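K.L.:
Dropping a structure here in structure tokens format, bear with me for questions.
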Amino acid sequence: MISSKDSAKAFASRPVILHVEDSEMDHEALKRALHKVGTIAQLFWCKNVDDAFDYLHHSGPYDQLPAPRPSLILLDLNLPGENGTSFLQRLRKTPKFSSIVVVVLSSSSNPIDIERCYDLGANAYLLKTLDPRELQPKILSLAQFWLGHCVLPSGQPREVGESAHGAVQGTHA
Amino acid sequence: MSTFNSWKTAGQTVDLTNCDREPIHLIGGVQPHGCLLVVQFPSGKILQASENCVSFMDLPASALLGRSISGWINPRDTQRLGDQLQASIDSKEVKPLKLSLQLSGGVRDYTVSIHPLPEVSIEASIAVLEFETSLQSEPLLSFVEFYDQFTSSIFRIQQAASLHDLCESAVEEVRSITGFDRVWIHRVVEGGHLKVIAERKRDDQDAFLGLHFPESDIPKQARRLFALNRLRLITEVKAPSSPIVPEFNPVTGDRLDLSKCFLRAVSPVHVEYLSNIQVEASMSISLVKDGELWGLISCHHDSPHELDYQKRAACEFIGRIISLQIPGLETKIKTEAELRLRVHLLDVLKLLSAPDVRTLLQGIKSQEEDFLAMVEAEGAAFCLRNEPPLLLGKTPPREAISELVNHVMNQSEQPVYATDEIARIFPHAADWASQASGMLGVSLTPDEKYVVIWFRSEQMQTIPWGADPRKSAKNLASGEKLTPRKSFELWDEIVRGKSTPWKASEKQIALEFRQAFMMLIADRAKEMFRLNQELERSNQELDSFAYVASHDLKEPLRGIHTYATFLIEDYADKLDEDGKHKLSRLMTMTGRMNALIESLLRLSRVGRIDLELQPTPLREAVEEACDSLRTCLTDTHANVTILGELPTLVCDRIQITEVFHNLIVNATKYNEIEKKTIEIGTVQQGGGPESAECPVFFVRDNGIGIDLKHRDLVFQIFKRLHAQDKYGGGSGAGLTIVRKIIERHGGKIWFDSSLGHGTTFYFTLRSGHLTNHPSNPADAPPPLTRIS
């Protein structure tokens, strides 16, 4: 389930985007949009919540497959089985992944959904549009902002409850 | 006992003005057909005697006083006398005794009636002994003969199936036993006067039957004595009474209380009264119900008439039997009457299953007869709030009903109000007394104006008085003296402006109707509540269905659109113009469908989301709507004007803004005029206070107008009146959403239009209290549940 064409090592320095989306068509549309805006980011694709957590934990099929830590997760809400909000909730409760930037990409314009996602710690909420070509400008801004302007968290694992002092010591060691 | 010490037997004047106070039980004398001794026990010492003892015992009173009675009777009889006295003390009844006196002229037999005076000491009792001898004319019957004659009378009386039968049998039997010329029963009727209800008389006598006699004909203290002493006989009205000597009892110091003595002398007033009407002998048998005098069996004879103890006892017994029968028969009459009412009530109650009040009223109208008969009324008015009352049968004029309704409603302490004389409360009611003189009103619900009033017409009553009651003692000027009347001055009193009075049973029926009606209202309210809840639930389900369905429809639609896009992108060089055109048509179609789904989503969301009520200046809502439409308004050369002031209402600001938004969009869309004008304002409806709280808003345009034949289609979802691409397209959900929002605010929307000249939409917002009213929106009452 990896979309990268080349070996993971070769792209080690490129930002990683994880797309959690069940619809192939939507993934295709995203891929096209990313391609068209000319980003260098690597795109990985998980089709459901379980798959996404396997990816993040390097478990299941990702035991063998490359699964680099994403800088950005693009999350669909309407997923088979556990839905996107549930994924978001679990992710934010997992210290290792709680700081990963999550941008929701959904077709739901329901204010309740929007409110809930931000409440659960989504960093942004983008609406899928009927016309896939309208996705391009959104993806361009998204890539420029999150992968360009923003300084993202390093993603170094840190123990829950560890003091700032301890963390500094750990870096020195 | 001696409250009347100043009272004088001789030379005293008693007339009708003071005869109410005449102490007739202390009259101090006996009638001459028997003699009386007052004897102290156990000594047997004679304390007082009537002067006529000499003619019964050959001994003057003076020879008797101070001596013991045991000197004239044998020891066995002395013992029996003591026993009967004890029996009388125990039973508080007068006891009879056959007694023989051994006199110088030989042994003489008497029937003695004995009763004690109130006890003065434990050791000594004082007894009153009344002696009578057997009548010369009628020898004493043997027990068997007496029993035979008497039981057949009792049997007839007991067979009586109605009060009327009972009274008829009673006068018949009493007359046959006693041989009096005239025997009749008069009963105490409402107001205290007496009415003759049964009579047997000599053919040559005038009838008393049906006559009324004033209350004063039987003074109060006489009534007391009648209740105490069930039989009163005056054998010879004109015969002088025989005084009791000494006047005061040597032991008690009191005058002798003759309340229980059958020999009690007749008061001078009564003698005059009877003499005036040529009565020589009279008898009264008390009919007592619940300790009160119910009526009297009265007997008159135009010559002296004696009755022996046996016959008196028989008559008294008949009186007691009748008294016992009265409550049962009265209850029977009452019950039968109530049952008759109740049959009608049951038929009326069946009507209460009607689905609403209007149907109920129709039902009552069609069953007018039952509705009136259940309280024996001739007319009725059924009033519901401020609606015109339903009038049935004979009623007051329509314009008089409302004050009567208010009067009934103001009787807060009791739900049922009854009067047999409306004119006593509303003097002008005399004008329509022939239609309605009596009313029985009932407030059906505690706080709402649901009132039924039944009416009875004037019962012009002629009361035939045996004597003019206006000439009774209480109507006399002071100083004026009224003597007993010389005869029965027949006089007809005519009573006007009154109906027959309402009986307790009829009021009860009215009360039961009220209870049934209240239960109906409560049931209706419950049912309505349940239906409302059900409707709300099904609306909610429909809304969430619409939401889910639309949401799920969007995904594949987006897929179709996206792949069409990919096709054009990837295969543009391989497709010819026609292929590309068809793909772009496909994308247009999906675009339209997407718009429809969006509208459906929007609509279902309006239904699902709770209103966020807040005070909203509607001018601001209109301005917000215009701001969001700024480009559209500029492009279409449309001008929005707010006419006058718009109020501040408590409503969902966002949704109400959307209402104005959609109405303005519509007004610009369906308008072909170069200079489009849209006017927004409120109209004042004429009328009650409700309209002040509930302004009517309007949004008026000068557009193409709506053909009124499409009136019902306008608000239907996705219903377009014009071609798809005409007037800028649109999903056709705008007005549906508007209506939904307005209805959620408890308001209504409608429109008026003239083709080619423009359309005006009107709407109200019910949940919006004006903020200058001090009420809190959270306290806003829920929509009223009415049964109509």
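Bear in mind these aren't lab numbers, they're just calculated from the coordinates by the rules spelled out. Nothing here was measured: the structure is a model prediction, and the numbers come from that model. Note that each Cβ is placed from the backbone with ideal geometry, even for glycine, and that neighbours are counted across all protein chains shown.
K.L.:
Could you give the radius of gyration (one decimal) and Dmax (whole number) of the Cα atoms in the stretch B:527-606, in Å?
P.N.:
19.4, 69
K.L.:
Evaluate peptide B:57-68: per residue, the Cβ atoms of other protein chains within 10 Å of its Cβ; return the mean as an integer. Present the calculation step by step, with values, prior to reporting the outcome.
P.N.:
Numbers: counts 0, 0, 0, 0, 0, 0, 0, 0, 0, 0, 0, 0.
Rounded to a whole number, the mean comes out at 0.
K.L.:
Here's a follow-up. Please give the average number of partner chain Cβ atoms lying within 10 Å of the Cβ of each residue in A:22-31, rounded to a whole number.
P.N.:
Numbers: counts 1, 5, 1, 9, 4, 0, 3, 6, 0, 0.
Partner-chain Cβ atoms within 10 Å, mean over residues of A:22-31: 3.
K.L.:
Give me a comma-separated list of calculated 3J(HN,Hα) values for the stretch A:28-40, in order, Karplus coefficients 6.51, -1.76, 1.60 applied at θ = phi - 60°, integers in Hz, x for any Gly or Pro.
P.N.:
Computed from phi, the couplings for the stretch A:28-40 are 4, 4, 5, 4, 4, 4, 4, 4, 5, 7, x, 7, 9 Hz.
K.L.:
I've got another one for you. Would you please give the FRET efficiency between B:ASP347 and B:ALA522, computed as 1/(1 + (r/R0)^6) with r the Cβ-Cβ distance and R0 = 30 Å, to the nearest 0.05?
P.N.:
Working: r = 22 Å, r/R0 = 0.74.
Calculated value: 0.85.
K.L.:
Would you list, by chain and number, the lysines whose Cα falls below 18 Å from the Cα of B:LYS498, excluding same-chain residues fewer than 8 positions away?
P.N.:
Filter leaves B:LYS394, B:LYS507.
K.L.:
Give me the one-decimal Kirkwood hydrodynamic radius in Å for the stretch B:147-262, with the sum taken over alpha-carbon pairs. Please list the in-between numbers first.
P.N.:
Values: mean 1/r = 0.0583 Å⁻¹.
About 17.1 Å for the stretch B:147-262.
K.L.:
Now for a separate question. At 7 Å along Cα-to-Cβ for each site, give me the label-to-label distance between B:GLU368 and B:GLU493 in nm.
P.N.:
Taking the simple label geometry, B:GLU368 and B:GLU493 are separated by 3.6 nm.
K.L.:
If you don't mind, another one. Taking B:LYS238 as the anchor, which lysines have their alpha carbon closer than 19 Å to its alpha carbon, excluding any fewer than eight residues away along the same chain?
P.N.:
B:LYS486
K.L.:
Still on this structure: What distance in nm separates the two pseudo spin-label positions at B:VAL683 and B:ILE333, each 7 Å out from Cα along the beta-carbon direction?
P.N.:
6.7
K.L.:
As an exercise, find the ratio Rg/Rh for the stretch B:32-132 from alpha-carbon atoms, using the Kirkwood inverse-distance average for Rh. Kindly include the intermediate steps, with their values, before the conclusion.
P.N.:
Working: Rg = 12.5 Å, Rh = 13.4 Å.
Radius of gyration over Kirkwood radius for the stretch B:32-132 works out to 0.93.
K.L.:
Order these by the 10 Å Cβ neighbour count, fewest first: B:LEU351, B:LEU755. Spell out each step's value before the answer.
P.N.:
Values: B:LEU351 20, B:LEU755 11.
Placing the least packed residue first, the sequence is B:LEU755, B:LEU351.
K.L.:
List every residue whose amide H lies under 5 Å from the amide H of A:VAL16, counting only residues 5 or more places away in sequence or on a different chain, with H placed 1.01 Å from N in the peptide plane.
P.N.:
Excluding prolines and chain starts, which carry no amide H, the hits are A:GLN42, A:SER71, A:LEU72.
K.L.:
log10 I(q)/I(0), Debye, Cα-only the stretch B:47-191, no solvent, q = 0.11 Å⁻¹?
P.N.:
-0.64
K.L.:
A follow-up question, please. Please give the net charge around B:LEU643, taking every other residue with its beta carbon less than 14 angstrom from that of B:LEU643, where Lys and Arg add +1 and Asp and Glu add -1. Please list the in-between numbers first.
P.N.:
Details: positive: B:ARG619, B:ARG700; negative: B:GLU645, B:GLU679, B:ASP701.
With Lys, Arg at +1 and Asp, Glu at -1, the net is -1.
K.L.:
If you take the Cα Rg of chain B and divide it by 2.2 N^0.38 Å, with N the number of residues, what do you get?
P.N.:
Numbers: Rg = 47.8 Å, N = 788, 2.2 N^0.38 = 27.7 Å.
For chain B, the normalised Cα radius of gyration comes out at 1.72.
K.L.:
Which entries of A:LYS138/B:LYS748; B:LYS676/B:LYS740; B:LYS334/B:LYS526; A:LYS47/B:LYS582; B:LYS350/B:LYS740 show an alpha-carbon separation above 31 angstrom in the structure shown? Display every interim value, and only then the final one.
P.N.:
On the way: A:LYS138/B:LYS748 43 Å; B:LYS676/B:LYS740 27 Å; B:LYS334/B:LYS526 38 Å; A:LYS47/B:LYS582 33 Å; B:LYS350/B:LYS740 40 Å.
Over 31 Å apart, Cα to Cα: A:LYS138/B:LYS748; B:LYS334/B:LYS526; A:LYS47/B:LYS582; B:LYS350/B:LYS740.
K.L.:
Next up: Taking the C-alpha atoms of the protein assembly as shown, how large are the radius of gyration and the largest Cα-Cα span, Dmax, in Å?
P.N.:
Cα-based Rg and Dmax for the protein assembly as shown come out at 53.8, 167 Å.
K.L.:
222 nm [θ] for chain B, helices only, -39500 (n - 2.57) per DSSP H run of 4+, per residue, to 500?
P.N.:
Value at 222 nm, helices only, nearest 500: -12500 deg cm²/dmol.
K.L.:
While we're here: What order do you get for B:MET57, B:MET593 when you list them from fewest to most C-beta neighbours inside 10 Å? List each step's numbers first, then the result.
P.N.:
Values: B:MET57 22, B:MET593 17.
Ordered from fewest to most neighbouring Cβ atoms within 10 Å, B:MET57, B:MET593 come out as B:MET593, B:MET57.
K.L.:
Here's something else I'd like to know. Which of the aspartates and glutamates could a cross-linker span from B:LYS95 if the Cα-Cα distance has to be under 13 Å and same-chain partners fewer than 8 positions apart are dropped?
P.N.:
Partners within reach: B:ASP83, B:GLU130.
K.L.:
May I ask for the equivalent-ellipsoid semi-axes of the stretch B:530-683, computed as the square root of five times each C-alpha gyration tensor eigenvalue and listed largest first in whole Å? Present the calculation step by step, with values, prior to reporting the outcome.
P.N.:
Values: eigenvalues 283, 142, 25 Å².
Here the semi-axes work out to 38, 27, 11 Å.
K.L.:
For B:PHE426, B:PHE371, which order do you get if you count the other beta carbons within 10 Å of each Cβ and list the fewest first? Intermediate results must be reported in sequence, preceding the final value.
P.N.:
Working: B:PHE426 14, B:PHE371 26.
So the residues, fewest neighbours to most, are B:PHE426, B:PHE371.
K.L.:
What does the C-alpha gyration tensor say about the overall shape of the stretch A:9-172? Classify as rounded when a/c is under 1.5, otherwise prolate if a/b is larger than b/c, or oblate. Each step should come with its number before you reach the end.
P.N.:
Working: a/c = 1.56, a/b = 1.39, b/c = 1.12.
The shape class here is prolate.
K.L.:
Additional query: Roughly what % antiparallel, to the nearest 5, for the DSSP beta bridges in the protein assembly as shown?
P.N.:
Just about 80 percent of them are antiparallel.
K.L.:
Now for a different question. To the nearest 0.05, how large is the calculated FRET efficiency for B:ARG385 and B:LEU324 if R₀ is 41 Å and r is the Cβ-Cβ distance? Can you show the working numbers first?
P.N.:
Working: r = 53 Å, r/R0 = 1.28.
So, using R0 = 41 Å, E works out to roughly 0.20.
K.L.:
Right, here's the next one. Could you give the nm distance between label points at A:TYR118 and B:ASP109, where each point is 7 Å from its Cα heading toward the beta carbon?
P.N.:
Distance between label points: 12.5 nm.
K.L.:
Please check which bits of the stretch A:83-118 a label hung off A:ARG69 would reach, taking the label as a point 7 Å along Cα-to-C-beta and the cut-off as backbone N under 14 Å.
P.N.:
Answer for this model: A:94-101.
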